Structure formats: structure tokens, C-alpha cells
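Here the structure is laid out as C-alpha cells; the discussion comes afterwards.
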Amino acid sequence: FPANTRQTEEEDMQLIQKYLENYYGFKKDGESFVWKSNNAMTQKLKEMQEFFGLEVTGKLDSGTLDLVQKHRCGFPDVAG
Amino acid sequence: FSTFAGEPKWTKQVLTYRIVNYTPDLRPADVNAAIKKALSVWSNVTPLRFIKKDRGDADIMISFAARGHNDFTPFDGPGGSLAHAFAPGKDLGGDAHFDEDETWTKSPEGTNLFYVAAHEFGHSLGLFHSKDPNALMYPVYRKFDPSVLLLHQDDITGIQYLYGSSPSTNNDQRESTEIKDPTESKDPALPNSCSSSLTFDAVTTFRGEIMFFKDKHIWRKHPAVRTTDFELISSFWPQLPPGVDAAYEIPQKDEMVIFKGNEFWIVRGDAILPGYPQKLYTLGFSKDVTKIDAAFHNGIEEKTYYFIADKFWSYDERSRSMDRKSSLIRDTFPGINGKIDAVFQHENFLYFFMGRKQFEFDSDKKRVTRFLKTNFWFPC
């Protein structure tokens with residue numbers, strides 16, 4: 001059977017959203033999240049990828065996911 | 001590197017820190033050592049100096065806590081966010097919080113406290129996160145390698161942008177001449193801070209500390225700290241001659257004025273302001289005044305008092321005028337009779353030094369309240 005990717009995608013989504021809220025000042029605006037190039041979350045994801053020198057795709061690729069799991073300082077990366 | 005918006009930084013060079021509580025993961029002595037070493041990472045490359053306090057308030061309050069801990073930024077359990085710190089400022093400003101849900105270690109395994117603390121104190125001093133993956137101020141924790149220099153050039157450039165560099169040569173001198181307590185030194189040429197016959201050339205406050213001048217040395221004492229630092233005057237101000245006559249601080253201007261013979265210098269931090277020394281008469285003294293014995297500045301009256309033999313003059317900073325004639329010391333400061341060596345103001349008291357004696361004078365009650373030894377302020 002194909003792996004039940006639905007569950008992990010959901011978890012990854014929550015993980016990245018929490019990360020962007022904590023360190024990039026992302027404010028969830030209520031809309032259910034859909035990958036659109038211009039929406040707030042994608043913009044914040046690009047900001048994060050740019051800060052860490054990752055490929056700025058705006059997508060939750062493996063490099064980004066890997067970085068989001070790492071231990072870090074609790075202070076934001078962008079001025080609040 | 002980057003700084004916080006508005007570039008908040010400490011305006012003083014001597015900062016206090018206090019470890020409010022301890023993690024059970026390490027012995028308290030190991031926590032003390034890790035914190036002290038993490039602060040020295042920054043004091044080694046700037047003029048900043050850190051003094052540990054064991055009680056009361058301090059500029060940098062250090063604590064361990066889990067989850068919510070009254071600063072609107074709760075921790076997130078094991079992993080994830082390890083610690084955070086706040087930009088320079090009052091109250092929460094400068095404070096550093098460590099997540100108790102981590103396993104704090106003093107080895108490369110687990111979460112190394114020294115390494116994380118050094119990063120957090122970068123924030124406490126005004127640095128934001130760096131994009132340079134080799135910099136200490138990079139936000140992601142990397143396995144601690146004790147063989148690698150902790151500060152990257154990016155960190156040094158950032159912190160020196162805010163505070164300037166350490167007076168490196170003096171710092172070396174300071175290292176070589178900084179003796180915690182001269183009573184331990186075997187060199188007879190060094191004055192003994194606990195001798196009952198100790199006298200001083202001059203005494204003044206200085207950025208929250210008290211400075212005791214003697215020949216070519218100074219003792220530095222923070223009122224809230226037991227120990228004193230003993231240093232060469234030249235390790236701060238190489239151009240200043242030894243054996244000064246008097247010194248006083250104008251905190252509002254962050255200036256200290258130092259006198260020797262008929263000349264005086266004005267310093268700010270470890271820099272002598274340009275155009276000094278100048279002659280005494282430029283302050284308004286008659287030309288026959290060739291030296292002064294002692295001086296202090298009263299910040300409330302905005303007046304500076306200059307003592308010569310058994311008399312004194314006062315200079316009014318507001319009207320920018322010197323007394324036309326002198327007054328007898330004992331008339332204004334009853335109980336202080338004769339020539340004084342040094343004087344300084346601490347809280348609401350004046351401390352007059354005359355030979356081996358020190359008189360505490362209450363400025364409100366206008367009388368001497370205590371007779372003290374000259375080494376009263378030292379841990380003898």
C-alpha cells in the first residue's frame with residue numbers, strides 16, 4: 001500500500017507553521033493552508049530559506065524540513 | 001552579523017550578572033564556570049567587564065525554566081528552542097533564560113551550557129542572529145567542538161561595532177598586572193590593601209565602581225561585590241602620570257577629571273579626551289593655585305568641590321562660575337579639620353580620607369557619622 005503520507009504531511013505542515021510563527025513572525029490568518037506562491041506562509045518560508053542559505057523554493061523540501069528539526073536559539077531570526 | 005532594531009546596547013562597560021537559579025543537570029560550580037567563561041568570550045574582545053552578584057538585581061539575570069516562565073515566550077519541551085535572551089535594557093533587558101527541559105552538559109555531548117550561554121550573551125549585549133553558518137550568533141545549535149575558536153570574525157566584527165575593541169595591549173598588561181588582591185602579591189613594591197597604614201592619593205566613583213588611586217596603581221571596587229581588582233593606572237590611561245592628586249566623576253557627562261600638579265585631564269571610559277591636560281587656572285582658580293588635594297562632584301547640587309589645605313572652593317555647573325573666595329572646610333563640613341588626601345560621594349554620604357583615617361560625613365545631618373579605617377571598602 002502506498003505509505004499513508006497524509007498523516008506526515010499534516011505533521012510537517014504543523015511543524016513548519018510553528019517554526020515560522022516562532023522565528024519569522026508568521027501570523028496564521030485563518031485560511032486553511034494551500035501552497036500558493038503569494039500567500040503569507042509561502043513568503044515566510046522563502047524568508048527562512050533565504051536566511052539559512054537554502055534554495056528559495058517556497059516549498060517544504062527535505063532540506064528545509066531537516067533544518068526545522070534542529071535545536072536552536074529561541075530568539076527569532078527576524079526583528080519582531 | 002546584525003543588531004537589534006535601534007541598536008540597543010549598554011552605555012556602561014562594567015555589567016553585573018546574577019545566576020538566579022541552577023539546573024540540576026550540573027554541579028553549581030560547573031554552571032558558575034560555564035557562565036563566567038561564556039561572558040569572558042565577549043569581554044576578551046571588547047572593553048566590557050562582568051561582575052557576578054549573588055543577590056538583588058543585576059543587568060543580566062540568568063535563570064533555568066521549563067515551558068511558560070513569565071516572559072510571553074514559553075519554552076517548548078526537550079529539543080527545539082534551547083534558550084533565549086533579551087536585548088540590552090532595563091528589567092527583562094539583557095536577561096538570559098535556559099530551557100530546563102534540555103539536558104545541560106559541560107561536554108560536547110548533550111546541550112553544552114557554555115556554548116549556548118555564549119550565544120545568548122551575544123543577544124544580551126545587543127547582537128541579533130547572524131546568517132554566517134560559522135558564526136556563534138548563527139541561530140542553529142551545532143555539535144560543540146571545544147578545539148574550535150568559538151567566536152568567528154563575524155561575531156567579533158559585530159560586537160566591536162557596538163562596543164569597540166578591548167584595549168588589547170593594555171589588556172595584556174592588565175592580564176599580567178591584574179592582581180585580585182595585592183595582599184597575596186609578594187612584591188614589596190606593591191601597596192598592601194589591608195595595611196592599617198594604607199593611604200590614598202585620590203578616590204572617586206567611576207561608572208558604578210569606586211576607584212582608589214595609589215602611586216601607579218588603582219583598586220577598583222563595585223559596592224555590591226566583595227572582591228577588588230588591582231591594576232596599573234597605565235593599563236587604563238597610559239598617558240597619565242602616577243601619584244595623582246585628586247579625581248572626581250561627573251556621571252551625567254560620563255566623565256572623570258584627574259588632577260596632578262597644576263594640570264588636569266578629563267577621561268571618558270579608557271580614553272583621555274583630546275586637548276588635555278589643561279592648566280588648573282582654566283577652571284577658574286587664581287594662578288597662584290599650583291595643586292589641589294582632593295575633589296568631588298555633587299550631582300544633586302550640580303556643584304564641584306575642590307579642597308586645598310584647610311580650605312575649599314566650589315564650582316557651580318549651572319552658573320558655570322567658581323567661588324570668588326575660599327571657605328574653611330570645617331565651617332561647611334564640621335568635624336573635618338585640616339588637609340584631606342581624598343574624598344568621594346557614595347549615596348548620601350561623603351567619605352573623607354585624611355592619612356590613615358576615613359570619616360563618613362552625612363550630607364543631610366552635616367556631621368561625621370562614622371570613623372573608619374582607610375581599607376574599610378576592601379575584603380580584609
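Sorted from fewest to most neighbouring beta carbons within 10 Å, what does the list B:Asp30, B:Asp201, B:Asp91 look like?
Ordered by Cβ neighbours within 10 Å, fewest first: B:Asp91, B:Asp30, B:Asp201.
Can you compute the charge dipole magnitude of chain B about its Cα centre, using +1 on each Lys and Arg Cβ and -1 on each Asp and Glu Cβ, nothing else charged? Give it in debye, rounded to the nearest 20.
In debye, rounded to 20, chain B gives about 1400.
Can you give the Rg and Dmax of the protein assembly as shown based on its C-alpha atoms, in angstrom?
Both quantities, over Cα of the protein assembly as shown: 27.8, 104 Å.
Any idea what the alpha-carbon Rg over 2.2 N^0.38 Å comes to for chain B?
Rg over 2.2 N^0.38 Å, computed on Cα atoms: 1.12.
How big is the convex hull of the Cα atoms of the range B:249-349, per residue, in Å³?
111 Å³
Under a Cβ-Cβ cut-off of 12 Å, what is the net charge of the residues other than B:Tyr161 that fall near it, where Lys and Arg count +1 and Asp and Glu count -1? It would help to have the intermediate numbers written out before the result.
Numbers: positive: B:Lys9; negative: B:Glu7, B:Asp154, B:Asp155.
Overall, the nearby charge balance is -2.
Just tell me how shielded B:81-92 is by partners: mean number of partner chain Cβ atoms within 10 Å of each residue's Cβ, no decimals.
2
Residue-wise, which Karplus ³J(HN,Hα) couplings in Hz belong to the range B:115-130, taking 6.51 cos²θ - 1.76 cosθ + 1.60, θ = phi - 60°, and x for glycine or proline?
5, 5, 5, 4, 5, 4, 5, x, 5, 4, 9, x, 8, 9, 7, 9
So who's got an amide H within less than 5 Å of the one on A:Phe26, skipping anything under 5 residues away but keeping other chains? H placed 1.01 Å off N, in plane.
Those lying under 5 Å, H to H, from A:Phe26 are A:Glu21.
How much net charge surrounds B:Pro191 when only other residues with a Cβ under 9 Å from its Cβ are counted (Lys, Arg +1; Asp, Glu -1)?
That works out to 0.
Would you calculate the separation in nanometres between label points at A:Ala79 and B:Gln160, each defined as 7 Å from the Cα along the Cα-to-beta-carbon direction?
According to this spin-label approximation, the distance is 2.5 nm.
Hull surface divided by four, with the convex hull built on the Cα atoms of the range B:189-267: how many nm²?
5.6 nm²
Throughout, read-outs are computed from the coordinates displayed, never taken from laboratory work. Every value quoted in this text rests on a predicted model; they were computed, and no experiment measured them. Note that we place each Cβ from the backbone using ideal geometry, even for glycine, and neighbour counts take in every protein chain shown.
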